[in-house]
Amino acid sequence: DTGVSQNPRHKITKRGQNVTFRCDPISEHNRLYWYRQTLGQGPEFLTYFQNEAQLEKSRLLSDRFSAERPKGSFSTLEIQRTEQGDSAMYLCASSSPGRGVDGYTFGSGTRLTVV
Amino acid sequence: TQLLEQSPQFLSIQEGENLTVYCNSSSVFSSLQWYRQEPGEGPVLLVTVVTGGEVKKLKRLTFQFGDARKDSSLHITAAQTGDTGLYLCAGDVYNFNKFYFGSGTKLNVKP
């Protein structure tokens, strides 16, 4: 297993365009998380899935954001009508079943720049 | 308002020195993790602590969880240039596997 994979690594888009990011978690992990990290800050929780069910969404996730995990494997995060304030590193993480004591395995992130 | 406050925000030391960074909160955590992050990469898990008062060692790194499970510290002995990075603590408040992160301590170890 190669860990959590995120694509693309970098994305530059014009304001108003839609973007979609993909995350492939560790195969035996049934929980998948999306976080956003801006410069100088720690990651902020956006949403998480257990299998294909989206169990929680942060208030940070406005109506322009949508996440899916259709078959309980990979996940996509789409941002519609991007704004400059959306510029950030978008991190995906997965974890094994059971209690959270194992922490997360993070991917390398997708760096989004909205110009 | 951050749930977890980390201090100091920045730390620049010489190779060979010892250092301690702190992670504090008014909330009780069911578990707390420490991560290290390099520029342009995702955080990498270093350790998880669960029991109040717990001490874990990872080579030159010593992690302590406060008795009340509200705070934690990371001590590095004889820092090396390879220790340079952003150190993040993250707490799971409700044991729901959703972690709240601090803003991190940016450590620079100079040769």
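The values are calculated or read from the model by the stated rules, or taken from the named source; none is laboratory data. In this text the structure is predicted, and so the values were computed from the model without any measurement. So basically every Cβ, Gly included, is an ideal-geometry build from the backbone, and we count neighbours across all protein chains shown.
Side notes on the structure shown:
- Filtered residue count, segment B:30-54, keeping only those that are under 21 Å from A:Phe106 (Cα atoms), in contact with an Asp or Glu (Cβ under 9 Å, 6 or more places away or on another chain) and not basic (Lys, Arg): 7
- Segment B:37-64: number of residues that are away from every other protein chain (no Cβ under 11 Å) and either in a strand (DSSP E or B) or among the acidic types (Asp, Glu) (or both): 9
Table: residues versus (1) charged (D, E, K, R); (2) at the interface with another protein chain (Cβ under 10 Å from one of its Cβ atoms); (3) loosely packed, with under 15 Cβ neighbours inside 10 Å; (4) touching a strand residue (DSSP E or B) at 6+ places or on another chain (Cβ under 9 Å).
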| position | (1), (2), (3), (4) |
| --- | --- |
| A:Pro8 | no, no, yes, yes |
| A:Asn18 | no, no, yes, yes |
| A:Arg36 | yes, no, no, yes |
| A:Leu55 | no, yes, yes, yes |
| A:Phe74 | no, no, no, yes |
| A:Leu77 | no, no, no, yes |
| A:Ala88 | no, no, no, yes |
| A:Val114 | no, no, no, yes |
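- Of all residues in segment A:1-46 being part of a loop (DSSP other than H, G, I, E, B) and among the aliphatic types (A, V, I, L, M), the one that is modelled with the highest pLDDT: A:Val4
- Residue that is surrounded by the fewest Cβ atoms within 10 Å (Cβ to Cβ), among those in segment A:57-68 that are assigned to a loop (DSSP other than H, G, I, E, B) and among the aliphatic types (A, V, I, L, M): A:Leu60
- If you go through segment B:1-36 and keep only what is away from every other protein chain (no Cβ under 14 Å), part of a strand (DSSP E or B) and among the hydrophobic types (A, V, I, L, M, F, W, C), you end up with B:Leu11, B:Ile13, B:Leu19.
- Just one residue in the set B:Leu88, B:Leu4, B:Leu32 is in contact with a Pro (Cβ under 8 Å, 6 or more places away or on another chain) and surrounded by 21 or more Cβ atoms within 10 Å (Cβ to Cβ); that residue is B:Leu88.
- Test set (1) within 10 Å of chain A (Cβ to nearest Cβ); (2) on the phi < 0 side of the Ramachandran plot; (3) not in a strand (DSSP E or B) - B:Gly82 fails condition number: (1)
- Yes/no for B:Ser103 being surrounded by fewer than 19 Cβ atoms within 10 Å (Cβ to Cβ), at the interface with chain A (Cβ under 10 Å from one of its Cβ atoms) and of a type outside the set (A, V, I, L, M): yes
- Lone unmet requirement of (1) small (Gly, Ala, Ser); (2) loosely packed, with under 15 Cβ neighbours inside 10 Å; (3) at pLDDT 95 or above for B:Ser27: (3)
- Cβ-Cβ under 7 Å pairs, at least 6 apart or on other chains, segment A:51-67 side closer than 17 Å to A:Gln37 by Cβ, far side among the small types (Gly, Ala, Ser) and part of a strand (DSSP E or B): A:Ala67/A:Ser75
- Filtered residue count, segment A:38-53, keeping only those that are facing chain B (nearest Cβ under 10 Å), among the polar types (S, T, N, Q) and over 19 Å from A:Arg111 (Cα atoms): 1
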